[in-house]
Amino acid sequence: MAVTIDPIEQFELKPLVSLGHIGHQQLAFTQSALYMFAAVGVIALITIVATASRSVVPGRMQSLAEIFYEFMADTLHQATGDGGKRFMPLVFSLFMFVLVLNLFGMIPYAFAVTSHLIVTFGLAALVISVVVIYGVMKHGSHFFGLFVPSGVPKPLLAILVPIEIISFISRPISLSVRLFANMLAGHIAMKIFAFFVVQLLLAGAWSVLSPLPLFLTIALTALEFLVAALQAYVFATLTAIYLNDALHPGH
Amino acid sequence: MNGDDARDGKGAEGTPTDSELSARLRRLETQIERKRPQAAPDPSSRPRGTGPSSLGQAMTISTEFVAGVIAGGILGWIVDHVFGTKPWGLIVLLMLGFVAGIYNVMRVSGFAGARPGRRDRQEP
């Protein structure tokens, strides 16, 4: 009767090829890295290979690529206007990368790369460094006018400027924690509810109740697919909105 | 919110009556009106979206608040480390972090801060 599972076990990193050590820390090519390479491969398949023919009437794969591209181009244009076109490669790559990794995580027994905080924080740090570096390059010190809200009496600025700075620093944190927490919580919840089915089946007369968590697991799976797509979209949208601050900081 | 409902006129196969035609015309007009702001986007006066993006917005809000507090805490800890002002930097900046978190939430939900591009999270 004592069947137990560890719902966090699925997030364990498993080194596939060891590359040596730095101190006590092993450097290894993990399954996480393998999934990232696989994601890049799938994205390349969708975007490069499928559009190689460049037919006017798109085939199935080409129209898939076009749907993704136009969707992100629209989102970016709405958030940043015409000046944001140069960031299309960045935003599109981020969106596709996060989307494909999220959806990979939904394959049974697969590993969800985006449920590791360091991965999502790496992506968020990339976004924020692009915002800061591009903003300073383009506008110089004028970029820091972002932290000074306009139309506020001088004494209040002493409080508002630190708040704006903290609010800016909180952006990469909220960007990464949101994606990470959604994926982590979703996968843990699915695992636990699925395990309820097994536990109830082993619990004698109580096993008549076992369809209940089964239905819940099915519903959760559908919800997780929605969350996987939605979080990729939210990540890309927020990236576009933050890039807008780098393009038009003066407010 | 797509163009499908303009073509669904049920009696369209036979000879459509005048009222049917004018109803279809009105439906088309409202659709064009809905499409128009998308064709010429104006960053300040866009309607708030519904559907997947508002769900995304709901998920945004909680992390915005937590992130503000965490950012304040980290910043306070760093300030204490650098300037040796042991408890005070953390206390003050954690409180400011709370304020920043609430400010974040207000801005995301559209109560404050008319910074263009901050609150126009809508479906393309």
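Here are some notes:
- For chain A, the longest principal axis of the Cα atoms and the long axis of helix A:31-44 meet at an angle of about 60 degrees.
- To the nearest ten degrees, helix A:60-80 and the longest principal axis of the Cα atoms of chain A are 40 degrees apart.
- Pair residue B:86, residue B:23: separation of 7 Å Cα→Cβ label points (nm): 7.9 nm
- Principal-axis analysis of the Cα atoms of chain A puts helix A:154-201 at an angle of about 10° to the longest axis.
- What you get for chain A, charging only the Cβ of Lys and Arg (+1) and of Asp and Glu (-1), is a dipole of about 320 debye around the Cα centre.
- Nonlocal amide H pairs with residue A:28, under 5 Å, H built at 1.01 Å: A:19
- Rounded accessible area of residue A:85 (nearest 10 Å², 1.4 Å probe): 130 Å²
- Size check on region A:1-76: the Cα extents along the three principal axes, sorted descending, read 57, 42, 24 Å.
- Were the residues from residue A:60 through residue A:29 laid out at 0.36 nm apart, the gain over their Cα-Cα distance would be 7.7 nm.
- For chain A, a Kirkwood hydrodynamic radius built from all Cα pairs, placed in the Stokes-Einstein relation at 25 °C and 0.890 mPa s, yields a translational diffusion coefficient of 116 µm²/s.
- Its Cα gyration tensor gives region A:45-108 an equivalent ellipsoid; the semi-axes, largest first and in whole Å, are 21, 19, 9.
- Sequence-separation-based contact order of region A:1-59, relative, with Cα cut under 8 Å and 6+ spacing, percent: 21 percent
- Phi-derived couplings, Karplus 6.51 cos²θ - 1.76 cosθ + 1.60 at θ = phi - 60°, listed residue by residue for region A:130-140: 4, 4, 5, 5, 5, x, 5, 4, 7, 10, x Hz, with x used for Gly and Pro.
- Volume per residue that the Cα convex hull of region A:147-224 spans, once the total is divided by residue count, Å³: 128 Å³
- Residues B:81, A:116, A:248, A:24, ordered by accessible area of protein heavy atoms at a 1.4 angstrom probe radius and largest first, appear as A:24, B:81, A:248, A:116.
- Directionally averaged projected area (convex hull, Cα atoms, region B:52-108), nm²: 3.6 nm²
- Equivalent-ellipsoid semi-axes for region A:108-251 (Cα gyration tensor, √(5λ), whole Å, largest first): 46, 16, 11.
The values are calculated or read from the model by the stated rules, or taken from the named source; none is laboratory data. Source: prediction; values computed, not measured. As a convention, Cβ positions derive from the backbone with ideal geometry for all residues, glycine included, and neighbour counts pool all protein chains shown. Just the protein is used for accessible areas: all its heavy atoms, side chains included, with ligands, DNA and RNA removed. Shrake-Rupley method; radii C 1.70, N 1.55, O 1.52, S 1.80 Å.
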